Every structure is written in C-alpha cells, then in structure tokens.
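The values are calculated or read from the model by the stated rules, or taken from the named source; none is laboratory data. Everything numeric in this text was worked out from a predicted model, so none of it was measured. Cβ coordinates were reconstructed from backbone atoms using ideal geometry, including for glycine residues, and neighbour counts include every protein chain displayed. Keep in mind that these areas ignore ligands, DNA and RNA; they rest on the heavy atoms of the full protein, side chains included. Shrake-Rupley method; radii C 1.70, N 1.55, O 1.52, S 1.80 Å.
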Amino acid sequence: MKINGNAIRPGNIIEHKGRLMRAVKLQQVKPGKGGAFAQIELKDIRDGTKMNERFRSDETVERVRLDQVDYQYLFADGEMLTFMNNDTFEQIELNSDLVGEPLPFLQENMQVTIELYEEEPISVSLPESVILEITEADAVVKGQTASSSYKPALLENGVKIMVPPHIAAGTKVVVNTADGTYMERAK
C-alpha cells in the first residue's frame with residue numbers, strides 16, 4: 001500500500017531501498033525556504049542498523065502489511081525461544097533478539113503477538129504490562145514521603161526499577177514492558 005511521506009508514523013513498517021524498515025522517530029520540519037518534509041529515523045528490521053531519511057509530502061513509500069498471529073511463550077533454550085500458535089498448536093523457535101529490550105519481562109505461558117512478513121517472523125510483541133514481585137527494596141528514609149520521590153527496587157526477574165516509597169519487598173507490582181517502569185501496585 002503506497003502512502004505519502006508525511007503520513008509515516010512511528011511504528012510503521014515501510015519498504016525503503018529494498019529493505020524492511022521500522023519508523024522509530026519522526027520530526028516534521030518546515031524550513032523558511034522550500035517545502036516541508038518529515039525527518040524520520042528508520043531501523044532495519046533484520047539487522048538493526050539505523051538511518052535518517054527525509055521524505056517530502058509528494059513522495060510515496062510502500063507501507064508493508066504485516067500479519068499478526070497470537071502465540072503462547074513456552075520456554076527458552078539458550079538464545080532460542082519456543083512459541084506455540086494458539087490456533088494450530090504448531091511450535092516455532094525464534095532468536096531472543098526478535099523480542100528486543102522487553103526480553104526480561106517474558107514469562108512462561110505468556111500470550112504474545114508475533115508479526116509475520118511473508119510467513120517470516122520479524123518481531124515479538126509482549127503485553128503492555130506484567131505483574132512481578134519485588135524481591136528487594138530500600139528502606140524508606142524518614143521525611144522522604146512528603147514529596148513524590150522514588151526508591152530503587154529489584155524485581156523477581158532481576159530488573160531494577162524505581163518504585164514509590166510505600167512499596168516494600170514481597171509486594172506485587174504492575175510494570176510497563178515497553179520501558180520497564182512502575183505503573184501501579186497489583187491488586
């Protein structure tokens with residue numbers, strides 16, 4: 001599907017110079033002379049290289065349509081992760097690089113979405129949030145609770161996050177998988 005250069009949004013997958021690229025950052029630029037353009041940071045889906053490109057509104061690019069399939073995460077074997085298709089029960093093994101930074105938040109039996117391009121898996125998306133237990137948390141310093149301050153805490157998966165002072169070890173919290181930040185106390 002062809003789209004105008006100014007219609008590209010972060011997260012869109014486009015075909016550019018014969019490669020599949022994901023738009024990461026976007027900035028609309030309106031110079032004093034000449035027409036406006038979009039300055040877009042693109043990341044190659046297959047090898048991870050980044051490039052900056054300018055697209056004018058009259059240019060068209062090919063937006064790639066991806067198939068999204070629901071899978072269940074089963075287990076890890078070194079760098080390889082095994083997933084099962086929820087409909088066909090077929091199992092596939094993928095490299096952990098396809099998950100990216102949210103990898104520490106991947107839990108057994110978690111429902112994930114795998115994006116496919118021409119039957120080839122190109123990315124794994126985790127749910128927006130997960131519930132994890134705090135294993136270690138610093139003690140509250142007296143007088144620190146008056147302002148909105150945070151303290152470091154260690155999650156059961158080994159990731160360090162910042163939590164409000166009232167959160168203690170043993171508390172279950174909701175964590176954003178995209179950036180690894182505290183969202184709220186689990187109910």
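Here is a list: GLU93, GLU53. Which entry is charged (D, E, K, R) and open to solvent by 70 Å² or more (accessible area, probe 1.4 Å)?
After applying the criteria, what remains is GLU93.
Of these, VAL112, VAL173, which one is open to solvent by less than 30 Å² (accessible area, probe 1.4 Å), among the β-branched types (Val, Ile, Thr), over 19 Å from the mean Cα position of the chain (by Cα) and modelled with pLDDT of 90 or more?
Details: VAL112 fails: over 19 Å from the mean Cα position of the chain (by Cα).
Being open to solvent by less than 30 Å² (accessible area, probe 1.4 Å), among the β-branched types (Val, Ile, Thr), over 19 Å from the mean Cα position of the chain (by Cα) and modelled with pLDDT of 90 or more holds for just one of VAL112, VAL173, which is VAL173.
Out of all the residues in segment 15-22, is one or more more than 25 Å from LEU126 (Cα to Cα) and not in a loop (DSSP other than H, G, I, E, B)? Scanning segment 15-22 turns up at least one residue that is more than 25 Å from LEU126 (Cα to Cα) and not in a loop (DSSP other than H, G, I, E, B).
Only a single item in (1) within 29 Å of MET183 (Cα to Cα); (2) open to solvent by 50 Å² or more (accessible area, probe 1.4 Å); (3) out of contact with any helix residue (DSSP H, G or I) (no Cβ under 7 Å at 6 or more places or on another chain) is not met by ALA137, and it is number (2). Which ones in segment 140-165 are at pLDDT 80 or above and either of a type in the set (Lys, Arg) or open to solvent by 70 Å² or more (accessible area, probe 1.4 Å) (or both)? Residues satisfying the conditions are TYR150, LYS151, GLU156, LYS160, MET162. A residue that is open to solvent by 60 Å² or more (accessible area, probe 1.4 Å), under 14 Å from VAL64 (Cα atoms) and without any contact (Cβ under 8 Å) to a residue 24 or more places away in the chain can be found somewhere in segment 6-13. Of the residues screened, GLU118 is not one that is at pLDDT 90 or above and over 16 Å from the mean Cα position of the chain (by Cα).
Assessment of segment 67-89 against the conditions (of a type outside the set (Phe, Trp, Tyr), within 19 Å of ASN157 (Cβ to Cβ), open to solvent by less than 30 Å² (accessible area, probe 1.4 Å) and touching a Phe, Trp or Tyr at 6+ places or on another chain (Cβ under 9 Å)) yields at least one matching residue.
Say we look at segment 56-72 and pick out the residues that are of a type in the set (Lys, Arg) and part of a strand (DSSP E or B); which of these is farthest from ASN86 (Cα to Cα)? That would be ARG56. Does segment 29-43 contain at least one residue that is of a type in the set (Asp, Glu), in contact with a Gly (Cβ under 8 Å, 6 or more places away or on another chain), open to solvent by less than 90 Å² (accessible area, probe 1.4 Å) and in contact (Cβ under 8 Å) with a residue 12 or more places away in the chain? For segment 29-43, residues of a type in the set (Asp, Glu), in contact with a Gly (Cβ under 8 Å, 6 or more places away or on another chain), open to solvent by less than 90 Å² (accessible area, probe 1.4 Å) and in contact (Cβ under 8 Å) with a residue 12 or more places away in the chain: absent.
Number of residues in segment 103-132 that are at positive phi and of a type in the set (Asp, Glu): the value is 2. Checking each residue in segment 1-14 for being farther than 24 Å from VAL99 by Cβ and in a strand (DSSP E or B) picks out LYS2, ILE3, ASN4. Candidates LEU26, LEU20: the one that is within 20 Å of the chain's Cα centre (by Cα), farther than 23 Å from ASP97 by Cα and either at pLDDT 90 or above or not small (Gly, Ala, Ser) (or both) is LEU26.
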